[in-house]
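J.: The structure under discussion is supplied below as structure tokens; questions concerning it will follow.
None of the figures in this text is laboratory data; all of them are computed from the coordinates on show. These numbers come from a predicted model, not from an experiment. With ideal geometry, Cβ positions are generated from the backbone for all residues, glycine too; neighbour counts draw on all protein chains shown.
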Amino acid sequence: MNTQAAAKILTYAGALPFIGTIAVLVIDKSQAFPFDIEFATQVYAALLISFLAGIHWHIGISHIGAPRHLLFISNAFVLLAWGFVFLQTTAVSWILFAILFLGLIVLDRALSRMGLLPKWFFHLRINISVLVCTALLCMAVIRTL
């Protein structure tokens, strides 16, 4: 399996916890899990944001043409995601995580235009970001019901 195919499979597999959380919230109204699935999903969202910010960190330290502020921006995303984990699980918290994912895709777009991020990866990031943000917004809606 080539790198692009593996990246696509693993990227879409990364959305499964979000989809699973929606299913649990819709199907299991009593939330009889032995742990807080929404909190666990928020931690997972923060981990994914940190992972994506790590890609930006790598670009920032390994490419001569990378914007100098990229390291600071990537750290800001990580610190915001970490802070959002401490918010109560509400519709607002899910929306804030979605905003971070959208912010990362805006940054990816700039890096792609600069030739610092492969086009195929940027297109993959767009697709997965739409899926993840839709899932996060669904969780926000479910939270208000």
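J.: Exactly one of (1) buried (at least 16 other Cβ atoms within 10 Å of the Cβ); (2) in contact (Cβ under 8 Å) with a residue 40 or more places away in the chain is unmet by Ser112. Its number?
T.: Among (1) buried (at least 16 other Cβ atoms within 10 Å of the Cβ); (2) in contact (Cβ under 8 Å) with a residue 40 or more places away in the chain, the lone unmet condition for Ser112 is (2).
J.: Here's something else I'd like to know. Please enumerate the residues belonging to the stretch 65-91 that are under 19 Å from Thr21 (Cα atoms) and surrounded by 13 or more Cβ atoms within 10 Å (Cβ to Cβ).
T.: Within the stretch 65-91, the first condition is being under 19 Å from Thr21 (Cα atoms), and the residues that meet it are 81, 84-91.
Hits for the stretch 65-91 are Ala81, Phe84, Val85, Leu87, Thr89, Thr90, Ala91.
J.: While we're looking at this one, here's another question. So Ser62 ticks every box in (1) farther than 18 Å from Ile99 by Cα; (2) among the polar types (S, T, N, Q); (3) crowded, with 19+ Cβ neighbours inside 10 Å but one. Which box is left unticked?
T.: Of (1) farther than 18 Å from Ile99 by Cα; (2) among the polar types (S, T, N, Q); (3) crowded, with 19+ Cβ neighbours inside 10 Å, only one is false for Ser62: (3).
J.: Of all residues in the stretch 132-145, count the ones that are closer than 20 Å to Leu104 by Cα and surrounded by fewer than 17 Cβ atoms within 10 Å (Cβ to Cβ).
T.: Qualifying residue count, the stretch 132-145: 2.
J.: Now for a separate question. Which is β-branched (Val, Ile, Thr) and closer than 20 Å to Leu136 by Cβ, of Ile59, Ile64, Ile9, Ile99? Before the answer, list the steps.
T.: Details: Ile59 fails: closer than 20 Å to Leu136 by Cβ; Ile64 fails: closer than 20 Å to Leu136 by Cβ; Ile9 fails: closer than 20 Å to Leu136 by Cβ.
Just one listed residue meets the conditions, Ile99.
J.: Residues being free of Cβ contacts under 8 Å to residues at least 60 places away in the same chain and either in contact with an Asp or Glu (Cβ under 8 Å, 6 or more places away or on another chain) or small (Gly, Ala, Ser) (or both): count how many of those fall in the stretch 6-22.
T.: Residues meeting the conditions: 3.
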